[in-house]
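The values are calculated or read from the model by the stated rules, or taken from the named source; none is laboratory data. Given the structure is predicted, the values throughout are model-derived calculations rather than measurements. Reconstructed Cβ throughout: ideal geometry from the backbone, glycine too, with neighbour counts over all protein chains shown.
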Amino acid sequence: MLGIKNFDYQKHKKVIEEFFKLAQSGKTLPGNSPGHLDGWGIGYYQNGQAIVFKSGNSVVEEKDKFFKKIREIAKSKILILHFRKSAWKNTSNTKNAHPFKYKNYLFAHNGTIYDYKHLLKMNALDSETFFRFILGSPGNSPTEKIKKAVENIKNKHKFSSLTFLFSEGINLYAYRDYQKSPDYYTLYRHNSLISSQPLPFKNRWKILKSKKLVIL
């Protein structure tokens, strides 16, 4: 996952290029095949409206399509990218690719909620269900809704990680939480960037502490 506040293609071109390499070289859980090639997506805002462009195919095979769209976007207050490593068999399709959009909200998740069907009754996998569960949680602000949803899941459900990126179009929210594999379920920050792994062109990436919500 990669989140950028105040995205500008001319400024962040190198960031995108380095992040793209993680589709093949990015960390995976022990025992998993290499690569995050089970779908990809781009979430952004145009004239204040959330837009998602995504595919259920390998982003490496669709490299030209990916970069063409990034160039077309050019600028966005918020940009969220996700290369999927599926936890569920035979689910590599556009519907299950991240980010997800609902109304003017964007969401991308890294992790698995094993008993997600108990969260909400909807035709979706765990990550999209988690997203809608956040939006339906009590609270007058995204921060309140996120904290309430996370608290509920941690008290009642089984999961590997609740690590995610979220936006309402103004702020970029980043949250890291895990019950296993802390070296895999990571988020790092460098100024206006949040990445699941530190990118090599910067040397001041700081890992987000677990269970702390960061707002850019």
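Among all residues of region 66-79, there is at least one that is within 26 Å of GLY26 (Cα to Cα) and in a loop (DSSP other than H, G, I, E, B).
Scanning region 119-173 for residues that are among the basic types (Lys, Arg), in contact (Cβ under 8 Å) with a residue 40 or more places away in the chain and either closer than 23 Å to SER192 by Cα or surrounded by 18 or more Cβ atoms within 10 Å (Cβ to Cβ) (or both) yields one hit, LYS147. I'd like the full set of residues that are within 16 Å of LYS68 (Cα to Cα) and within 16 Å of the chain's Cα centre (by Cα), limited to region 16-28. If the condition is that a residue be within 16 Å of LYS68 (Cα to Cα) and within 16 Å of the chain's Cα centre (by Cα), then ILE16, PHE19, PHE20 are the ones that fit.
Quick grid of which residues meet (1) at pLDDT 95 or above; (2) within 18 Å of SER195 (Cβ to Cβ); (3) surrounded by fewer than 23 Cβ atoms within 10 Å (Cβ to Cβ); (4) more than 18 Å from the chain's Cα centre (by Cα):
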site	(1), (2), (3), (4)
ILE4	yes, yes, no, no
PRO30	no, no, yes, yes
GLU61	yes, no, yes, yes
GLU72	yes, no, yes, yes
LEU79	yes, yes, no, no
PHE83	yes, yes, no, no
ALA87	no, no, yes, no
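Against the conditions (1) within 26 Å of SER25 (Cα to Cα); (2) surrounded by fewer than 19 Cβ atoms within 10 Å (Cβ to Cβ); (3) charged (D, E, K, R), ASP115 satisfies every one except (1). When region 169-196 is examined, which residues are found to be closer than 22 Å to ILE113 by Cβ and part of a loop (DSSP other than H, G, I, E, B)? Scanning region 169-196 gives ARG176, ASP177, GLN179, LYS180, SER181, PRO182, ASP183, TYR184, TYR185, THR186, LEU187, SER196. Screening GLN179 with (1) in contact (Cβ under 8 Å) with a residue 40 or more places away in the chain; (2) of a type outside the set (D, E, K, R); (3) in contact with a strand residue (DSSP E or B) (Cβ under 7 Å, 6 or more places away or on another chain) gives one miss only, at (1).
You will find that of VAL52, VAL59, the residue that is free of Cβ contacts under 8 Å to residues at least 40 places away in the same chain, under 15 Å from ALA97 (Cβ atoms) and not in a helix (DSSP H, G or I) is VAL59 and no other. Residue-level check: of (1) part of a helix (DSSP H, G or I); (2) modelled with pLDDT of 95 or more; (3) out of contact with any helix residue (DSSP H, G or I) (no Cβ under 7 Å at 6 or more places or on another chain), GLN24 misses just (2). Here is a check on your reading of the model: is PHE100 within 27 Å of THR28 (Cα to Cα), of a type in the set (Phe, Trp, Tyr), surrounded by 15 or more Cβ atoms within 10 Å (Cβ to Cβ) and without any contact (Cβ under 8 Å) to a residue 24 or more places away in the chain? When the stated conditions are applied, PHE100 does not pass them.
Could you check, for region 152-159, whether at least one of its residues is part of a strand (DSSP E or B) and either more than 23 Å from SER76 (Cβ to Cβ) or touching a Gly at 6+ places or on another chain (Cβ under 7 Å) (or both)? Yes: one or more hits.
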